[in-house]
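Report on the structure given below.
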Amino acid sequence: MGRAPATLSVQIGALEEALGARLFDRQAGGLVPTAAGRQFERIARPLLAELEAALRRIAAGVSQPAAVLAIGLRLAAPGCPAREAAAVIATELAAQMPQRHLHVFALPAGAAAVQAGFTLDACERPGRLVEHWVLAGPTDGAESVGLPELPPALMQGAAAQAAACGLTPVPLGVPPDRLDEALRPWRRPVLLPSLLLPGWLRDGRTTLRLLSPLPDGPGWQLLGSAGTADAWEAALEPILAHGILRHIGAAALRPPAQVPWPTAIEREHLDCFEAAWRHASLTRAARELGIAQPAATLRLQHLEAALGQRLFQRHPHGLTPTVLGNALAPPAAAFIQDLGRLGPSLIRPRGQVRAGCVPALDEMSLLAEVVARSAADWNQRFPDRRLHLVEGLSDELRRMVLNSSIDCAFVDNDAVQPGLVVRPITREPLVAVTAAGSGLLPTGPVPLGMLARLRLALPARHHGLRWIVDRGAARVGLDVAPDAEIDSLAATIRLVRAGGWATLLPLGALRGAVQLGALQINAISDPPLERQICLVRRHGEALASEALALVDLFAAHVARVLADMEAAPSPDPALR
């Protein structure tokens, strides 16, 4: 990694202190990852992959990828050869075509194939990608072998391979990508496909024995989805197959390759950049970070030099982000925020359900009532369990689900995203909100184009509600450009109530605000806009029964509250 051992030790210690969890056991032979350390690697790897992809694009002068293609790897644990192969291919292609982004993620055994991209899946007649099997652990005097949970095609091959070795198969009850969570079965070896050999078993400390493949044995196939009709996507299939073939068999026994970080960037450089971007000032960024301004200047200069791109324009009154600076800000902020949340997920109590929900406007809004009722009923049903609910914007909650910080989330848009399953729960209309008596809008439904001519306050583009408005406007050829971008719904209502401003909000969020008066509410026509409350969870990963109960309670209370709202008189004549 190009760092002195003392420096690396200090950095690891600082990370452990920040997370509140011990990641390594210090031994005479070096560092050995703890269970929390292996869990951290699994959770943090997707964060690093996304940030690395963003850094590569910025270094190439590309603000956003033109296309994203997903690659789903069945049961691929961190550091396994399958992920290693995909990472090498993604890195090579990113250097050649930075506007194309490969999103690599693991799929559980029973998960459906990805919707747009490729899935590496097991098959009985694999063609070129014939699998080799590996015995991990001591084999002297062994009479049995542990078998992890595998897809049926591989399970049959594993049983045949165990029989060929004269070993009795013993089910372990966990898939290869969760093998580190089980007690290490070193009383017997473990039989694994070479492509799924976890990185922590390839560290040189575990005995690995490669077995010859059986005739007509199982292996792998690359399944393309219906969405892979693009010429470059079609050309990617043989590249992927060749890259995976290079990692099957004997190559899998080598320690995981150290993929270099794309540039010489430290987290402190990203912290400084993100603070400078938020404050538009190096002075205020340095004050927030508790460092001197010259140190902040050096960190920012180091980041720009490493990327080879200017991220800010300097002027006497502060900083103005460049196009590339604005492009780097969201992934950098997401990485810093999500990394800070990993600590609690490493020390999660048993029986805890972690869920997220988009913000409620106030205690009288639909979401506030639904969340409160659902939490109370869930606690009565599971008095010995713990419920942890977090609030955040849809994009933020989706990231938390992807990196396993939470189990599921209730978001306010149905956007499709690789690695996530989206389940609609309910819909509610968005309405126009102005000050009562302002005369900005007539009574009755109004077209969206009429609001576009007013002084409009809307959330920023990363907000789920803004996504709904922009998508609806695009359908009728409108470009909605708000005069103010405010993520706080409560602050937006205060601004509108003062007069001269308009906004768009879900009807259910306005119950308490309407009771306070001084607001006019209009239905939206041409096009009508709706917020769709959806559940998101990780692709192919079943929710625990306690989490499913929370989802069912949430859906039931949403239906009940909406029915009560429909039965009640309209809160404003303009809606009639």
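The values are calculated or read from the model by the stated rules, or taken from the named source; none is laboratory data. A quick note: this is a predicted structure, and the numbers were derived from the prediction, not measured. Positions of Cβ are backbone-derived with ideal geometry, glycine not excepted, and every protein chain shown enters the neighbour counts. Note: accessible area is taken over every heavy atom of the protein model, side chains too, but ligands, DNA and RNA are not part of it. Shrake-Rupley method; radii C 1.70, N 1.55, O 1.52, S 1.80 Å.
Results for (1) crowded, with 19+ Cβ neighbours inside 10 Å; (2) within 27 Å of PRO330 (Cβ to Cβ), shown as yes or no for each residue.
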position: ALA432; (1), (2): yes, no
position: ALA436; (1), (2): no, no
position: THR443; (1), (2): no, no
position: GLY464; (1), (2): yes, yes
position: LEU529; (1), (2): yes, yes
position: ALA542; (1), (2): no, no
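Which residues, counting only those in the stretch 208-222, are part of a strand (DSSP E or B), open to solvent by 50 Å² or more (accessible area, probe 1.4 Å) and aliphatic (A, V, I, L, M)? Write out each step before concluding.
So the first thing to find is which residues in the stretch 208-222 are part of a strand (DSSP E or B), and the list is 208-211, 219-222.
Now restrict to residues that are open to solvent by 50 Å² or more (accessible area, probe 1.4 Å): 209-210, 221.
Result: LEU210, single match.
Can you tell me how many residues in the stretch 293-338 are in a helix (DSSP H, G or I), of a type outside the set (Gly, Ala, Ser) and touching a residue at least 24 places away in the same chain (Cβ under 8 Å)?
If we filter the stretch 293-338 for residues that are in a helix (DSSP H, G or I), which is where we start, we get 293-307, 323-338.
So of that shortlist, the ones also of a type outside the set (Gly, Ala, Ser) come out as 293-294, 297-304, 307, 323-324, 326, 328, 330-331, 335-338.
Applying the additional criterion that residues be touching a residue at least 24 places away in the same chain (Cβ under 8 Å) yields 299-300, 302-303, 307, 323-324, 326, 328, 330-331, 335-338.
So the answer is 15.
Tell me the residue from ARG310, ARG314, ARG278, ARG284 that is open to solvent by 60 Å² or more (accessible area, probe 1.4 Å) and under 16 Å from SER63 (Cα atoms), please. So that I can check it myself, show each step before the final result.
Working: ARG314 fails: under 16 Å from SER63 (Cα atoms); ARG278 fails: under 16 Å from SER63 (Cα atoms); ARG284 fails: under 16 Å from SER63 (Cα atoms).
Within the list ARG310, ARG314, ARG278, ARG284, the selection yields ARG310.
Criterion first (in a helix (DSSP H, G or I), over 21 Å from ALA234 (Cβ atoms) and modelled with pLDDT of 75 or more) does GLU50 satisfy it?
Details: in a helix (DSSP H, G or I): yes; over 21 Å from ALA234 (Cβ atoms): yes; modelled with pLDDT of 75 or more: no.
No.
From the list ASP572, ASP552, exactly one residue is of a type in the set (Asp, Glu), more than 30 Å from LEU75 (Cβ to Cβ) and either open to solvent by less than 40 Å² (accessible area, probe 1.4 Å) or modelled with pLDDT of 75 or more (or both). Which is it?
ASP572
What about ILE406, is it open to solvent by 10 Å² or more (accessible area, probe 1.4 Å) and within 26 Å of LEU387 (Cβ to Cβ)?
Working: open to solvent by 10 Å² or more (accessible area, probe 1.4 Å): no; within 26 Å of LEU387 (Cβ to Cβ): yes.
For ILE406, the condition - open to solvent by 10 Å² or more (accessible area, probe 1.4 Å) and within 26 Å of LEU387 (Cβ to Cβ) - is not met.
So, in the stretch 360-375, exactly how many residues are open to solvent by less than 50 Å² (accessible area, probe 1.4 Å) and closer than 18 Å to ALA555 by Cα?
10
Of these, ARG399, ARG385, which one is buried (at least 16 other Cβ atoms within 10 Å of the Cβ), modelled with pLDDT of 85 or more and not hydrophobic (A, V, I, L, M, F, W, C)?
Values: ARG399 fails: modelled with pLDDT of 85 or more.
After applying the criteria, what remains is ARG385.
Quick check on my filter: what residues within the stretch 137-155 are closer than 20 Å to ARG205 by Cα and not in a strand (DSSP E or B)? Can you show your working first?
Of all residues in the stretch 137-155, those closer than 20 Å to ARG205 by Cα come to 137-142, 145-146.
If the condition is that a residue be closer than 20 Å to ARG205 by Cα and not in a strand (DSSP E or B), then GLY137, PRO138, THR139, ASP140, GLY141, ALA142 are the ones that fit.
Output yes when any residue across the stretch 327-345 is of a type in the set (S, T, N, Q), more than 21 Å from VAL536 (Cα to Cα), crowded, with 17+ Cβ neighbours inside 10 Å and at pLDDT below 80, and no when none is.
no
Looking only at residues that are closer than 15 Å to PRO198 by Cα and polar (S, T, N, Q) in the stretch 26-41, which one is modelled with the highest pLDDT? Spell out the reasoning first.
Pass one, the stretch 26-41, residues closer than 15 Å to PRO198 by Cα: 32-35, 37-41.
Narrowing the set further to residues that are polar (S, T, N, Q) leaves 34, 39.
Values: THR34: 77, GLN39: 72.
Out of the qualifying residues, it is THR34.
Please state which one of GLY199, GLY227, GLY146 is modelled with pLDDT of 85 or more, open to solvent by less than 60 Å² (accessible area, probe 1.4 Å) and not aliphatic (A, V, I, L, M).
Working: GLY199 fails: modelled with pLDDT of 85 or more; GLY227 fails: modelled with pLDDT of 85 or more.
Answer to the selection: GLY146.
Looking at ALA60, ALA6, which one is modelled with pLDDT under 75, within 26 Å of GLN417 (Cβ to Cβ) and surrounded by fewer than 22 Cβ atoms within 10 Å (Cβ to Cβ)?
On the way: ALA6 fails: within 26 Å of GLN417 (Cβ to Cβ).
Of ALA60, ALA6, the one residue that is modelled with pLDDT under 75, within 26 Å of GLN417 (Cβ to Cβ) and surrounded by fewer than 22 Cβ atoms within 10 Å (Cβ to Cβ) is ALA60.
Looking only at the stretch 189-207, which residues are in a helix (DSSP H, G or I) and hydrophobic (A, V, I, L, M, F, W, C)?
If we filter the stretch 189-207 for residues that are in a helix (DSSP H, G or I), which is where we start, we get 194-196, 199-201.
Answer for the stretch 189-207, where residues must be in a helix (DSSP H, G or I) and hydrophobic (A, V, I, L, M, F, W, C): LEU195, LEU196, TRP200, LEU201.
Condition test on ILE244, is it crowded, with 16+ Cβ neighbours inside 10 Å, over 26 Å from the mean Cα position of the chain (by Cα), modelled with pLDDT of 80 or more and of a type in the set (Val, Ile, Thr)?
On the way: crowded, with 16+ Cβ neighbours inside 10 Å: yes; over 26 Å from the mean Cα position of the chain (by Cα): no; modelled with pLDDT of 80 or more: yes; of a type in the set (Val, Ile, Thr): yes.
So ILE244 fails the test.
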